[in-house]
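Let me begin by presenting the structure, written as structure tokens, before commenting on it.
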Amino acid sequence: MSTSKALSKGRHDNKRKGNESKPGSEFRRALLTGAIALILLLPVAGFAAEPAPAAAPAKGAVAAADNAVAAIDNLLITTPPPPPNVRVPVLSWGEGNGKSYSIPAWDILGFEALLNVYGRIVYPDLVDPQYSHGKKVYSVTLETIKDHILHGPWGFDGDDFKVNQLQHPYQGSVYHGFARSAGLGFWPSAAYTFLGSLVWEIAGETTDPSINDQVASGIGGSLLGEPLFRLSSLILEDGGDHPGFWRELGAAVVSPPTGFNRLAFGDRFKGVFPSHSPATFTRVRLGVTFNEQTSGSGADNNFSRNEGTLDYYHAYGLPGKDGYTYDRPFDYFDVQFTAVSSSNVIENLMTRGLLYGKKYEAGDNYRGVWGLYGSFDYISPQVFRVSSTALSLGTTGQWWLSRAIALQGSAFAGIGYGAGGTVHPTEERDYHYGGTGQGVLAARLIFGDKAMIDMTAREYYISGLGSTQTDGSERIFRGNAAFIVSIYKRHGLGIQYVRSVRDSSTPPFPDNHQTIGTWSIAYNYLGDSRFGAVEWRPGEIKSH
């Protein structure tokens, strides 16, 4: 979607300047990634390794060790586990009259018509000399539509990074929400999203159809829209057969198309999507950040040293709950959103959901789920940014180390299509698209109802494959470590450190190395007094 900030730079104009890369960052990156990988491999090693012959320890020593572990567990647990979430289906969803293939089509076309009218009113004289060929961007005619269908040409547009990589995926999430709230399943809704994006590229603007927009809106829109629809449905489902005004409003804020269809069509779409009572964990964090250790281009341009921050995290369908299955796409997902007080506003928005997978177990103390995941990531730590839409193979699991201590972990590796680049102080475009390789390692060590250590490492490699700039590449790393202590029931205090590193190589320009390190202190509201640890052990459930 073009805006008043659309750039006139050509698709090949991706200029980068900066300092040469520092080898120390590679060592720190490898050290952090290796440490998390070692933690995640511990349960596997514990189940697979043959015990080495050794002398039997003295019975007294074993008893003393068991007593010490039991004493620590008793200190870490002072509250009973939360009762299991049992949500009763609200009316019928996606059945009979509550399912429609025509209504979401009209919803999407009407929404796109409104977007075009808005553009005509707000930007009546906007012309993109590079991509609209002298025509006003929103002055769409039958002739321009025919030209796009017959001749294209499909390419890469010049909108700024936030428009292409954040606003367009959100636009696609609206398409997805229209279809889901009309009773359609995930895959039919994904088809509506892809086709809705295609219609906009051809008939929404006079600019050339954009490959990157089709990926961001048509595919990334579904990967973002499904978590929003599910969260909206949880709000409604917890309200019973007749959700009150505030629940209806909250659901509409999270997923506006869901709220629209419920309001516009009355009882027809009053049924609520059945969640099947997943194990969930929510964390809301409010605090201040202190940005340090910045280097590279952009470090001194409009850079805010201190920021207020609001962070939301939700995990849905955590492994281990008895009776819960993963039969539908996104029966497991997690989503994270961070807003800051600086001009950056949105620092990150990340979602990841299981498209197809199976649950598994190892012994009495480990439960997990593995399979194919879809993800959408947008990360913008002031001095640079990265975004990707990807498919990954991976697993998420939980291992009870003792009666009170649990280790939750995830590991993913996949490929996709993304964009990355620096934040330039002028309107000069400095990011490029390309095929991506990426990986995620995450570990959460939970100490009963007292404290939690949370670590995540993300790596992105953006190549020149599928781009006009085949010799350029980006390598971006983001790692965080947090420690949260419960102070009263679901209220906690935490400290976090986040380090972001970007290395770019775009001949013939010098290599660019950028880093930013951020400390934060925050109040945490926890949706679960046990930090999301799932309890399935019969003995522990019975004892409470």
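The values are calculated or read from the model by the stated rules, or taken from the named source; none is laboratory data. If you're wondering where the values come from, they're calculated on a predicted model, not measured in any experiment. Ideal geometry is used to build each Cβ from the backbone, glycine not excepted, and the neighbour counts take in all protein chains shown. Remember, those area values only see protein heavy atoms, side chains included, never the ligands or the DNA or RNA. Shrake-Rupley method; radii C 1.70, N 1.55, O 1.52, S 1.80 Å.
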- Message: Would you confirm, using the coordinates I've provided, whether residue 73 is modelled with pLDDT under 75, part of a helix (DSSP H, G or I), acidic (Asp, Glu) and surrounded by 13 or more Cβ atoms within 10 Å (Cβ to Cβ)?
- Response: yes
- Message: Going residue by residue through the range 504-518, is there one that turns out to be modelled with pLDDT of 90 or more and open to solvent by 40 Å² or more (accessible area, probe 1.4 Å)?
- Response: no
- List every residue pair whose Cβ atoms lie under 7 Å apart, where the two residues are 6 or more positions apart in sequence or sit on different chains, the first residue falls within the range 242-255 and is more than 15 Å from residue 272 (Cα to Cα), and the second residue, located anywhere, is open to solvent by 40 Å² or more (accessible area, probe 1.4 Å). none
- Task: Filter the range 345-401 down to residues that are assigned to a strand (DSSP E or B) and more than 30 Å from residue 308 (Cβ to Cβ), then give me how many there are.
- Result: 29
- Message: Here is a check on your reading of the model: is residue 523 open to solvent by 70 Å² or more (accessible area, probe 1.4 Å) and at pLDDT below 95?
- Response: no
- Restricting the range 234-260 to residues that are within 22 Å of residue 333 (Cα to Cα) and either hydrophobic (A, V, I, L, M, F, W, C) or touching a strand residue (DSSP E or B) at 6+ places or on another chain (Cβ under 9 Å) (or both), the one surrounded by the fewest Cβ atoms within 10 Å (Cβ to Cβ) turns out to be 253
- Note on the structure: Within the range 90-134, the residues that are surrounded by 15 or more Cβ atoms within 10 Å (Cβ to Cβ), more than 23 Å from residue 147 (Cβ to Cβ) and either at pLDDT below 95 or small (Gly, Ala, Ser) (or both) are 90, 92, 93, 94, 98, 99, 100, 105
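Okay, residues lined up against (1) in a strand (DSSP E or B); (2) open to solvent by less than 10 Å² (accessible area, probe 1.4 Å); (3) modelled with pLDDT of 90 or more; (4) not polar (S, T, N, Q):
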residue: 434; (1), (2), (3), (4): yes, yes, no, yes
residue: 440; (1), (2), (3), (4): yes, no, yes, yes
residue: 445; (1), (2), (3), (4): yes, no, yes, yes
residue: 459; (1), (2), (3), (4): yes, no, yes, yes
residue: 471; (1), (2), (3), (4): no, no, no, yes
residue: 476; (1), (2), (3), (4): yes, yes, yes, yes
residue: 479; (1), (2), (3), (4): yes, yes, yes, yes
residue: 484; (1), (2), (3), (4): yes, yes, yes, yes
residue: 496; (1), (2), (3), (4): yes, no, yes, no
- Tell me which of these residue 155 doesn't satisfy, since it passes every other one: (1) in contact with a Lys or Arg (Cβ under 7 Å, 6 or more places away or on another chain); (2) surrounded by 17 or more Cβ atoms within 10 Å (Cβ to Cβ). (2)
- How many residues are modelled with pLDDT under 95, under 18 Å from the mean Cα position of the chain (by Cα) and open to solvent by 10 Å² or more (accessible area, probe 1.4 Å) if we restrict to the range 345-388? 4
- Mind counting the residues in the range 203-222 that are within 18 Å of residue 150 (Cβ to Cβ) and either in a loop (DSSP other than H, G, I, E, B) or among the charged types (D, E, K, R) (or both)? 6
- Message: Given the criteria more than 30 Å from residue 537 (Cβ to Cβ), surrounded by fewer than 17 Cβ atoms within 10 Å (Cβ to Cβ), of a type in the set (Ser, Thr, Tyr) and at pLDDT below 95, does residue 138 qualify?
- Response: no
- Selection from the range 216-233 of residues that are closer than 25 Å to residue 434 by Cβ and either surrounded by fewer than 24 Cβ atoms within 10 Å (Cβ to Cβ) or small (Gly, Ala, Ser) (or both): 216, 217, 218, 219, 220, 221, 222, 225
- Task: Say whether the condition of being closer than 20 Å to residue 514 by Cβ and touching a residue at least 12 places away in the same chain (Cβ under 8 Å) is met by at least one residue in the range 311-328.
- Result: no
